[in-house]
Amino acid sequence: MEGLVAQCSARLLQQEKEIKSLTAEIDRLKNCGGLEVSPNLEQLREENLKLKYRLNILRRSLQAERTRPTKNMININSRLQEVFGCAIKAAYPDLENPPLIVTPSQQPKFGDYQCNSAMGISQMLKTKEQKVNPREIAENITKHLPDNECVEKVEIAGPGFINVHLRKDYVSQQLTNLLVNGVQLPPLGENKKESKKRFDTEEEFKKRAYQCVVLLQSKNPDIIKAWKLICDVSRQEFNKIYDALDISLIERGESFYQDKMNDIVKEFEDRGFVQVDDGRKIVFVPGCSVPLTIVKSDGGYTYDTSDLAAIKQRLFEEKADMIIYVVDSGQSVHFQTIFGAAQMIGWYDPKVTRVFHAGFGVVLGEDKSLSCEAEQFPGETVKLYMPAPPGKLLTYYVLKKKFKTRSGETVRLIDLLEEGLKRSMDKLKEKERDKVLTAEELKAAQTSVAYGCIKYADLSHNRLNDYIFSFDKMLDDRGNTAAYLLYAFTRIRSIARLANIDEEMLQKAAQETKIILDHEKEWKLGRCILRFPEILQKILDDLLLHTLCDYIYELATTFTEFYDSCYCVEKDRQTGQVLKVNMWRMLLCEAVAAVMAKAFDILGIKPVQRM
C-alpha cells in the first residue's frame, strides 16, 4: 500500500512539473502570437485530476490500514518520517528530495521527537534564489501535517526545530499490543596451526606448503586423506567453542567451492576480463588499484578465486539478497575488489542485493599488546549473534580474534571461555549466590554470566575500533556490562514473582488494564520501550551492534529511575505483606523484560530467571 502511494505521489509530482512547464511555454508563445491552449496540456490536466483522486483514495486506505490493530511493534520514528514527509511534499511540492530528519529528542522539554528539516530546506531554497527563514519553513510544514494517530501536538523552537509530542493514548496502546502479542518486530528493510611460524620464516617449508595446496586443489588422494584427518581433529576442537557460544554452523570451507573454480576462471576468460602477467591470470576491476589473481603461475588457485566462487554460489544457489562478510578491516581493499568484480561481470546489482564488508578492529590485551593474526574457522557460513530478518540470508566469514599475554603467547578462545567460567563462579560465590540458588540454578547463572559477558564485551564496542579486553571490567556488575544487565533482568522478572503474580495473571491484566503514563518516569520508560524497532532498523542499516547494547543499557537505567520513583507493589513495612499492586506498572515491568529478552536473543546471550 505504501509503495503504491509513493509511486502515485511521484507520478503526480512529475505531471505537475510538466503542466507548469507547458503552461509557462504557452503563456510565452501567447504573448508573441496568441496561440491556443495545447491539447497535450489539457490531456495532462485531465490525467492529473484522475491521479489526485486515486492518490486521495490510496491515502485514505493507507490511513485506515494503519489504524487497524496489528500484532507487530510500530517503528515510531519511521511513522513520524512518513507524516512529516507528506507535510514537506505538500508544503514544497517543487523541491526534489528535500531533507527529512526526524530524531528522538534528547531532553523532555523538547518533546519526544524533533523534525529538523527546515534548515536544510532553507539551504535548498537559497540555491533557487528564494531566501526563506527556517522558522517560516517550519511553520509551513506544521500547517500541512496530515491527520495521524500518533502526534498530540507540535511546537516550533529556536531557528526552526519542530518539537513533536506523542499522544499518551497512542503510546499506551502500543505498549498494550506488545504485552498482548509479545515482542513482534516489524519488517526490517525490504525483502529482495608452529606451522604458521615455519611458514613465515622457512622458505623451503613455505614452498612445500604451496605445493601441497596445489596437490590438494588437484585432488591428490593421499593429500586429500591427510587433509580430511586434519579437518576432523580441528572440527572436534572448534565444535567445543561453537557449542559453548550457541553458534549454529553450516560448514562451507574452501574445499566446498573447489569444483566451481574452473568455471569461474573460464567465465572471466570468456568475457575478456583476464590478462596474463608473468604466468599469472589476473583480472583488473574498475576503481581498484590491485588486480585479482585468479590463477597463480604454478596453476594453483588463490583466495581471490575461492572468494569469487563463494560469492557467486551465495548469489545464484543460495539466492541471497543480503550477504555480510565479517572480516577484519585490513581486508577492506580485497573485498572491495571482489565485490567490484562480481558487479563488473553482472552477478548482482548493488541496488537490489546488499553485499557488505563489516570490518572490525583488533582486541588488545590489558597491557595494550595485540596480535594482528586472525585464525579462520573451518566453516564460513554461520548464524552468529544477529538472526536474519524475514526473507534475508546473512552470510558470515567468521574469524577468531586473538590477543596475546604479556609473555607474548596467543590466548586461545577455549582458554578464554574456561577462564570466564571460573571467574563468573567466583563472582557469584562472592555475592553468596551459592547459598540461595540450587546447584542447577547456580550452574545456569555461571554459564549465562561467563559467555554472555564475553560476547557482550565484544559486541558493546564499535566494531570498527580497537578495544582492550579486561575480565575485571567485563564481570563488573556496574555500568554497561552484561553482568549488570543480566542482574537487572532477573531483578525485573522477580518483581511479579515476589508479588505472587504469575504469567497467566499478567496476560489477563494486559488485555484488561490500561497502561497509565501520568508520572514523568512512566512516560519516559514507555517511550524508551517503544524505540526498540528504531534501534533494530539502525543496526540493520549500519551493522553496528553496539547501538543495541547501548539501548539495552539505557532501557535498564531508565527502568531503575522508574522503579525508584513509582511503587509497583506496596507492602506493609513491618510484616512485608502485599497491600496493593499497581498492575499497570507491573505491566510496564513485564514490557521491559520482554524487550530485554528479545535483545539478549539477538546478541546471543541467554539470561536466567534467577541469579
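Rounded to the nearest angstrom and listed largest first, the equivalent-ellipsoid semi-axes of the stretch 204-360 from its Cα gyration tensor are 26, 23, 14. How many Å² of accessible area per residue for the stretch 546-611, probe 1.4 Å? Per-residue value: 45 Å². Residues within the reach of a label modelled at Met505 (point 7 angstrom out along Cα to beta-carbon, backbone nitrogen below 20 Å), restricted to the stretch 585-611, are 585-594, 609-610.
Less than 5 angstrom separates the built amide H of Glu152 from those of His165, Leu166, Arg167, all sequence-distant by 5 or more or on a different chain.
As an exercise, identify the chymotrypsin sites (Phe, Trp or Tyr not before Pro) in the stretch 503-594 lying in DSSP coil whose Cβ has no more than 15 other Cβ atoms within 10 Å. Let's see the in-between values first.
Values: sites: Trp523, Tyr551, Tyr553, Phe559, Phe562, Tyr563, Tyr567, Trp584; in loops: Tyr567.
In loop regions of the stretch 503-594 (DSSP not H, G, I, E or B), the sparsely surrounded chymotrypsin sites (Phe, Trp or Tyr not before Pro) are Tyr567.
Length available on full extension from Asp601 to Asn262: 0.36 nm per residue minus the Cα-Cα distance, which gives 117.9 nm. Counting only DSSP beta bridges whose two residues both lie in the stretch 204-360, roughly 65 percent are antiparallel.
Normalised per residue, the accessible area of the stretch 229-273 is 60 Å², obtained with a 1.4 Å probe and no contribution from ligands, DNA or RNA. Here the accessible area is traced with a 1.4 Å probe on the protein chains. For the stretch 496-611, carbon and sulfur cover 46 percent of it. Share of carbon and sulfur in the accessible area of the stretch 190-349 stands at 52%, probe radius 1.4 Å.
Each label point was placed 7 Å from the Cα along the Cα-to-Cβ direction; for Lys443 and Val233 their separation is 3.1 nm.
Less than 5 angstrom separates the built amide H of Val355 from those of Ile323, all sequence-distant by 5 or more or on a different chain. Here each label is just a point 7 Å from Cα along the line to Cβ, and for Val180 and Asp349 those points are 4.2 nm apart.
The calculated FRET efficiency for Lys168 paired with Asn133, based on their beta-carbon distance and R0 = 41 Å, is about 0.80. Partner aspartates and glutamates whose Cα lies under 19 Å from the Cα of Lys508, excluding those fewer than 8 positions away in the same chain, are identified as Glu590.
Farthest towards the positive end of the charge dipole of the stretch 75-166, among the residues Leu166, Val102, Gly120, is the Cα of Gly120, using unit charges on the Cβ of Lys, Arg, Asp and Glu. At q = 0.20 Å⁻¹, what log₁₀ I(q)/I(0) does a Debye calculation on the Cα points of the stretch 413-603 give, no solvent, two decimals? Per q value, in the given order, log10 I(q)/I(0) is -1.41.
Rolling a 1.4 Å sphere over the protein heavy atoms, what is the accessible area per residue of the stretch 75-166, to the nearest Å²?
Details: 4660 Å² over 92 residues.
In whole numbers, the stretch 75-166 has 51 Å² accessible per residue.
Backbone phi angles across the stretch 281-287, fed through the Karplus curve with coefficients 6.51, -1.76 and 1.60 (θ = phi - 60°), yield HN-Hα couplings of 9, 10, 10, 8, 10, x, x Hz in residue order; Gly and Pro are listed as x. Based on C-alpha pairs under 8 angstrom that are at least 6 apart in sequence, the stretch 75-166 has a relative contact order of 31 percent. Using a basic spin-label model with each label point 7 Å from the Cα along Cα→Cβ, how many nm lie between Arg497 and Ile241? In this crude spin-label approximation the distance works out to 3.4 nm.
The values are calculated or read from the model by the stated rules, or taken from the named source; none is laboratory data. Nothing here was measured: the structure is a model prediction, and the numbers come from that model. All Cβ positions, glycine included, derive from the backbone under ideal geometry; neighbour counts span all protein chains shown. These area figures cover heavy atoms from the full protein model, side chains too; ligands, DNA and RNA do not enter into them. Shrake-Rupley method; radii C 1.70, N 1.55, O 1.52, S 1.80 Å.
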